[in-house]
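Have a look at the structure below, then the notes.
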Amino acid sequence: MIEVGALGTVLAQPFMQRALIGGLLTGALGGLLGSFAVLRQLSFFSDALGHSALLGISLGILLGLNPTLVLIPFAVGFALLVNLLVERSRLPTDALLNIVYSTSLAFAVVALSLVKSYRGGIQQLLFGDILGISWLDLGVIGALLLGALVYLALSLRAQVLLTLNGDLAGAFGVQGLVHRLSFIVLLAVVVAVSIKAVGVLLISAFVVIPACAGRLLSRRFSIYVTTSAVLGGGCAVIGLLSSGITNLPSGPCVVIVQFAGFLLALLISQFRPWSPAVVGPADRRTPDASPSARR
Amino acid sequence: MKAEPVLRVEGLTVRRDGMLAVDGVSFELPSESDTALVGPNGAGKSTLVAALLGLLPHQGGTVQILGQRLGPLGQLPRSVRAQIAYVPQALSLQGQFPLSVAEFVGFGFDPPGPTLPWRGGERRRQAVRRSLVRTGCGDLGDRLLSELSGGQLKRVLLSFCVVRPRRLLVLDEAEAGLDAPSAAQFQLLLLELRRQEGWTVLHVSHDLDMVRRSCNQVLCLNRRLCCSGSPDHALSPSRLSELYGPNMVPYRHHHERSGSLHD
């Protein structure tokens with residue numbers, strides 16, 4: 001009964017109530033966007049965005065501005081710049097992202113070393129402070145979740161066709177560049193807004209882990225997107241409650257719960273008839289299959 | 001009175017990566033015709049198709065689809081865009097892609113433009129079911145797209161095209177990656193659907209045997225349009241040597257009209 005009592009005490013705290021709502025919204029938002037980001041092979045992009053956000057925050061601190069306000073335009077500008085570099089340089093995307101994010105991290109550390117003291121503390125920047133989330137933050141995250149839902153519902157077909165084949169999407173009238181940039185901007189804004197709660201080091205876990213777990217469990221796209229969002233929100237709530245009861249850091253607790261959820265999904269998928277391990281690759285099942293037909 | 005061609009191309013010039021890839025190409029696709037675009041690798045076939053679909057900007061000439069002029073940056077009215085279907089060589093389906101065959105085909109149901117994925121309800125479900133049955137994929141609706149064999153995937157791509165009426169079908173080496181029986185099965189299905197739907201078809205193909213058997217017009221491209229006309233005219237040994245080089249030896253299979261190229 002100690003656990004029930006501890007849980008009651010945790011839930012009675014107003015900051016914990018805000019944190020739970022914040023975790024639910026941020027987790028669902030991460031899972032929702034992550035489901036598209038993972039399919040479009042933008043997982044590493046969200047990681048690079050998270051790390052580079054530290055530079056945006058450092059610039060805000062150096063300039064004496066509210067870091068959160070600086071972070072959104074910084075993240076959007078950074079995302080668009082990286083996208084331009086990827087298109088123009090013709091270097092492998094992962095290598096380029098590695099260059100950009102490690103360099104921006106280096107600049108961020110140099111910038112932070114110039115600041116005598118930062119009220120927020122470096123620990124909070126790295127791992128987030130979801131317990132310090134305000135009602136205003138919740139309003140912003142809620143509005144962003146709503147906006148992302150509307151945009152992704154209206155552009156779902158375009159996003160999927162673009163993932164499958166850019167020419168097929170283009171022939172269908174999908175403006176590939178517009179949708180690519182819109183999605184990247186949305187991802188950048190979500191990362192920037194979630195940094196306060198999740199921290200620069202853990203933000204990509206919020207985007208990638210629930211989506212990968214959802215992918216293992218789903219055979220329909222609508223179910224995949226819903227599962228990813230529900231897993232994202234659910235794991236965040238469970239992680240925060242565990243953190244509240246055990247008095248361990250909240251952000252890392254959420255990520256550990258997400259990882260446990262992923263392992264569970266992996267286990268379940270191995271015993272389901274649709275599992276790739278059970279079904280086997282298509283080219284082993286039918287004579288007309290051809291791996292070269294997949295690009 | 002002569003019917004308006006579905007596609008009219010005049011003096012089309014396209015640059016790709018700073019290089020002249022298509023140089024002053026002109027041709028027409030009459031309504032319900034079946035045309036093959038052939039030529040060696042690097043001849044500009046895919047570039048030409050991309051420009052016709054408005055995926056690449058063109059630097060000179062004009063393209064008219066169903067009487068509407070394609071803008072230099074690929075702009076086309078939605079009503080015309082809705083009449084175009086395209087079958088690519090392949091889809092990017094890495095790992096277990098969580099998209100069912102029925103969902104994919106359903107994406108083809110609504111005309112271009114922003115739309116909610118669940119719009120259409122029962123009407124959409126019936127159209128998807130019908131199109132899958134017509135392409136011999138009636139039992140594949142619940143399968144994942146990434147679980148399909150190459151031949152099944154190509155048939156599902158045709159279901160995507162047939163789920164809603166269209167006028168122009170463009171195929172980019174659609175038979176690539178298929179073994180001979182699957183390619184033949186695909187061609188038979190395509191022929192049947194073309195007749196039923198009244199499609200005007202443009203294939204990019206390296207399979208000259210198929211081109212001889214199925215198409216009524218051939219366009220030979222090597223940056224410029226080298227020749228065009230009926231398969232017998234455009235694929236004569238002398239013209240093939242001109243197009244592919246002197247080392248290309250055409251041969252015919254034991255049956256009457258077939259032929260292929262080997263180097």
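Quick one: work out the % antiparallel among DSSP beta bridges in the protein assembly as shown, nearest 5.
On the way: 23 of 41 bridges.
Restricted to the protein assembly as shown, the bridges split so that about 55 percent are antiparallel.
With a 10 Å cut-off around each Cβ of B:164-172, the average count of Cβ atoms from other chains is 1.
Taking θ as phi - 60° and the Karplus parameters 6.51, -1.76 and 1.60, the scalar couplings of region A:201-206 work out to 7, 10, 4, 5, 4, 5 Hz in sequence order, x denoting glycine and proline.
In order along region A:251-262, phi translates into HN-Hα couplings of x, x, 4, 4, 5, 5, 5, 4, 5, 4, x, 5 Hz, rounded to whole numbers, per the Karplus curve 6.51 cos²θ - 1.76 cosθ + 1.60 with θ = phi - 60° and x for Gly and Pro.
Between B:R123 and B:L191, the distance separating the two model label sites (each 7 Å from Cα on the Cα→Cβ line) works out to 3.6 nm.
Expressed as a rounded percentage, what relative contact order does region A:2-272 have, with Cα pairs under 8 Å and six or more residues apart? Taking the mean separation of contacting Cα pairs over the length of region A:2-272, I get 35 percent. Per residue of chain B, the DSSP helices (runs of n ≥ 4 H) give a summed -39500 (n - 2.57) that works out to -9000 deg cm²/dmol at 222 nm. A cut-off of 5 Å between modelled amide H atoms, ignoring neighbours fewer than 5 places along the same chain, links B:C227 with B:C220. Considering only A:L202, A:L71, A:L161, the mean-square fluctuation computed in a Gaussian network model of chain A, springs between alpha carbons under 10 angstrom, is largest for A:L161. Dividing the summed helix terms, -39500 (n - 2.57) for each DSSP H run of n ≥ 4, by the number of residues in chain A produces a 222 nm estimate of -27000 deg cm²/dmol to the nearest 500. Helix B:121-134 and the long axis of chain B differ in direction by around 50°, with both axes built from C-alpha atoms.
When chain B is treated as a GNM with alpha-carbon contacts under 10 Å, the residue of B:A21, B:A184, B:A174 showing the greatest mean-square fluctuation is B:A184.
Give me the percent relative contact order of chain B, please, defined on Cα pairs under 8 angstrom at least 6 residues apart.
Values: 495 pairs, mean separation 59.5, N = 263.
With pairs under 8 Å counted, the relative contact order is 23 percent.
Would you please state which residues of region B:143-159 a label at B:V133 would reach in this model, taking the label point 7 Å out along Cα→Cβ and a backbone N cut-off of under 20 Å? B:143, B:155-159, by backbone N distance to the label point.
Determine the shielding of peptide A:151-161 by partner chains: average, over its residues, the number of Cβ atoms on other chains within 10 angstrom of each Cβ. Could you put the intermediate results ahead of the total?
On the way: counts 1, 1, 5, 5, 3, 7, 13, 5, 0, 7, 5.
Mean partner shielding for this stretch: 5.
Loop-located trypsin sites (Lys or Arg not before Pro) in region A:117-220 (DSSP state not H, G, I, E or B) with no more than 15 neighbouring Cβ atoms inside 10 Å: A:R119.
The charge dipole of the protein assembly as shown, taken about its Cα centre with unit charges on the Cβ atoms of Lys, Arg (+1), Asp and Glu (-1) only, comes to about 740 debye. A full extension of the chain between A:Q175 and A:A153 corresponds to an added length of 6.3 nm, given 0.36 nm per residue minus the alpha carbon distance. Around the amide H of B:L7, modelled in the peptide plane, lie the amide H atoms of B:L29, B:L66, all under 5 Å away and 5 or more residues distant in sequence or on another chain.
For the segment A:216-229, counting C-beta atoms of other chains within 10 Å of every residue's C-beta and taking the mean gives 4. The distance linking region A:50-101 with region B:156-230 is 46 Å (Cα centroid to Cα centroid, whole angstrom). How tilted is helix B:180-197 with respect to the longest principal axis of chain B? Cα atoms for both, answer in degrees (0 to 90, nearest 10). With rounding to tens, the tilt is 80 degrees.
Of A:V109, A:V185, A:V70, the residue with the greatest mean-square motion in the GNM of chain A, using alpha carbon springs below 10 Å, is A:V109.
Please get the size of the charge dipole for region A:2-272, origin at its Cα centre, with Cβ charges of +1 on Lys and Arg and -1 on Asp and Glu, quoted in debye to the nearest 20. Don't skip to the end; give the middle numbers.
Numbers: 13 positive and 7 negative charges, 65 e Å.
Dipole about the Cα centre, nearest 20: 320 debye.
Annotation: peptides A:163-171, A:140-148, ranked by per-residue average of other Cβ atoms within 10 Å with the highest first, follow the order A:163-171, A:140-148.
Taken together, the values in this text are just the output of simple stated rules run on the coordinates, not laboratory data. Keep in mind that what you see is a predicted model, and the values were worked out from it rather than measured. With ideal geometry, Cβ positions are generated from the backbone for all residues, glycine too; neighbour counts draw on all protein chains shown.
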